[in-house]
């Protein structure tokens, strides 16, 4: 009887010791993450410009669990208002940990509510993310639940923090015109400025279509890189560093859930769609707007609906 009691006490002590060690590890990890976030945040605090907000964004909750987040990339260059250089709808399915990307060409000639027909990227300039949300919903019949505005400086900072040795990209041709860097053809590791230049290049026969394809490639490459152990360790510092350049309607819990999903899902393929789809548009030129993409709306609405279902 006495031996049995001693064994039980010994097991209890072992259990308490294990639990104490577990709590200690969690506290150390949380302390490290918090300190790294603070270091990253302080390194860029006060450097980022105020991004165009416009009227209050009407965020909503998805009915089927799949959240559509409007990704808006801007190059503010210190200006209070700027056009959206990149517009994507990222659909995140938390149940399957999958991400789908719909890239919207900025020269799409769309009806902007209360303003009339303009190029799609003008909507953000006129009224911030809420007017862009309304414009997308009005023209494509797509519900947008949240938005995320990223100044391009955040992109460079995030890449250089989470991938100090660069990100692997197969550059398909020599590139230099109007991107601020010179890139040679071939497989290479690109830093933040080089990767941004690669994503923005459009001085060839493919124009904006090639540019959008490269943007999608870059996002996939970054997701693949982010799930590595070393990148996960640098993630808190990265989040802190990009925070001043990032504005979003996502709640803290949603941001944490999405970030955790990307980090620990193991990466995986990102499904991609570019709008307008092939054979569904013309390229007229209008006074005051220049060359635009005029869409067959029914075809493109159906393509998006089928892709995001």
Ranked by Cβ crowding within 10 angstrom, fewest neighbours first, how are 151, 85, 97 ordered? 97, 85, 151
Distance between segment 121-173 and segment 280-299 - C-alpha centres, whole angstrom: 22
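Is segment 147-208 best put as rounded, prolate or oblate by its Cα gyration tensor, with a ≥ b ≥ c the root eigenvalues, rounded for a/c under 1.5, and otherwise prolate when a/b is larger than b/c, oblate when not? Don't skip to the answer; put the middle values down first.
Values: a/c = 2.18, a/b = 1.25, b/c = 1.74.
The shape class here is oblate.
Quick one: order 67, 83 by neighbouring beta-carbon count within 10 Å, fewest to most.
Ranking 67, 83 by Cβ neighbours within 10 Å, fewest first, gives 83, 67.
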Fewest to most Cβ atoms within 10 Å: 225, 145 sort as 225, 145
Peptide ranges 282-290, 131-139, 299-307 listed from the most packed, as the mean C-beta count within 10 angstrom indicates: 131-139, 299-307, 282-290
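Rule-based calculations on the coordinates, nothing more; no lab input. All values reported here derive from a predicted model rather than from experimental measurement. All Cβ positions, even for glycine, are placed from backbone atoms using ideal geometry, and neighbour counts span all protein chains on display.
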